Amino acid sequence: MRTATSEIDLRRATSVDEALAILGEERRTPVAGATDVYVALNFGTTPERRFLDIWALDELRGITMRGDILVLGALATYTACLRSPLVRERLPMLAEASALVGGVQIQNRGTLGGNVANASPAGDSLPVLAAADAIVVLRSLAGERRVPLAEFFTGYRATVLRPDELIVAVEVPPVAGKQWFRKVGTRAAQAISKVVVAGVRGPATRFALGSVAPVVVRARETERALASGASIDEAMEVLGREIAPIDDVRSTGDYRRTVARNLLRRFWSDTA
Ligand SMILES: Cc1cc2nc3c(=O)[nH]c(=O)nc-3n(C[C@H](O)[C@H](O)[C@H](O)COP(=O)(O)OP(=O)(O)OC[C@H]3O[C@@H](n4cnc5c(N)ncnc54)[C@H](O)[C@@H]3O)c2cc1C
């Protein structure tokens, strides 16, 4: 039987430098855990047939500290995030999100870099990284650039990533305050989020949402309302005006807005 994978042209890189050289010379799509790419190939939603397998690049797999910055390698899997004492201590909301991604097989193969590059508004790590003010580290043969997550996404499934660049890491500065994550889907596991949120309650309260806009969003007006002492009912009103979710196959805009408002209330009471 022929499948989409019968037709693909795959090169495998054994070092980051080799991968960047190949991306610089040839037009190839990086493939990490392949959990999104494989689905896109089989559903015929990608025209790509020339791939560069980066799975073997162990230099991109680490989860480490540089000073007080948590550095998550692009190839860090959800399982690695779940098991990492550094993630559990510094960014527990990422461990919570990782535990709810797909099933164990997807957690073993799916990577953080893949979730970010795939740029789905429903990517579960994205509200966490947005609430943590994370920085995406991009590298090409021309050098490295650091892009704040808020500037990385330019529209629905669109990013500033160039064809000659790889995401090599995501950097997370210290996050002060209580962290909170919640995903609402059709069922507890193996479900794409209808609404996914991450919040931090501390000196600078942050609230980020996925699946309510073409890109992950920070609810800045709601954050400002809470910071200036608004009641939670007032903040929920602000959030209801601030987001404009759409109807799609998974949910309606009205349902998403109601859920987002209720999650804000839950965030506020759970972190009190
Ligand atoms: C059954 C199933 C359940 C799932 N459940 C969830 C879920 O609950 N929550 C969720 O958020 N996602 C879910 N996903 C989606 C997917 O697993 C995640 O988005 C995962 O993080 C993708 O990582 P990957 O390494 O497999 O990416 P890949 O499929 O390898 O790549 C995805 C995209 O990112 C690009 N890319 C990958 N790595 C890099 C890099 N380092 N630099 C530049 N570009 C790169 C690729 O070119 C491609 O465009 C699910 C998928 C499946 C099949």
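Structure data summary
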| item | result |
| --- | --- |
| Residue ID - nearest to ALA21 (Cα to Cα), chosen from residues in the stretch 146-176 that are open to solvent by 70 Å² or more (accessible area, probe 1.4 Å) and assigned to a strand (DSSP E or B) | ARG146 |
| So GLY143, is it outside the structural domain of VAL101 (by TED's automatic domain parsing) and not basic (Lys, Arg) | no |
| Residue in the stretch 116-139 that is over 30 Å from GLY229 (Cα atoms) and more than 14 Å from the chain's Cα centre (by Cα) present | yes |
| Residue in the stretch 233-246 that is in contact with a Gly (Cβ under 9 Å, 6 or more places away or on another chain) and not β-branched (Val, Ile, Thr) present | yes |
| Looking only at the stretch 27-62, and only at residues there that are farther than 26 Å from THR79 by Cα and open to solvent by less than 40 Å² (accessible area, probe 1.4 Å), the one that is modelled with the lowest pLDDT | THR46 |
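A quick yes/no check of all residues on (1) in contact with a Pro (Cβ under 7 Å, 6 or more places away or on another chain); (2) among the polar types (S, T, N, Q); (3) in the same structural domain as PRO163 (by TED's automatic domain parsing):
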| residue | (1), (2), (3) |
| --- | --- |
| PHE43 | no, no, no |
| ARG49 | no, no, no |
| GLY62 | no, no, yes |
| ILE69 | yes, no, yes |
| ALA74 | no, no, yes |
| THR111 | no, yes, yes |
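The values are calculated or read from the model by the stated rules, or taken from the named source; none is laboratory data. Note that the structure is a prediction, hence the values are computed from the model and not measured. Note that each Cβ is placed from the backbone with ideal geometry, even for glycine, and that neighbours are counted across all protein chains shown. Note: accessible area is taken over every heavy atom of the protein model, side chains too, but ligands, DNA and RNA are not part of it. Shrake-Rupley method; radii C 1.70, N 1.55, O 1.52, S 1.80 Å.
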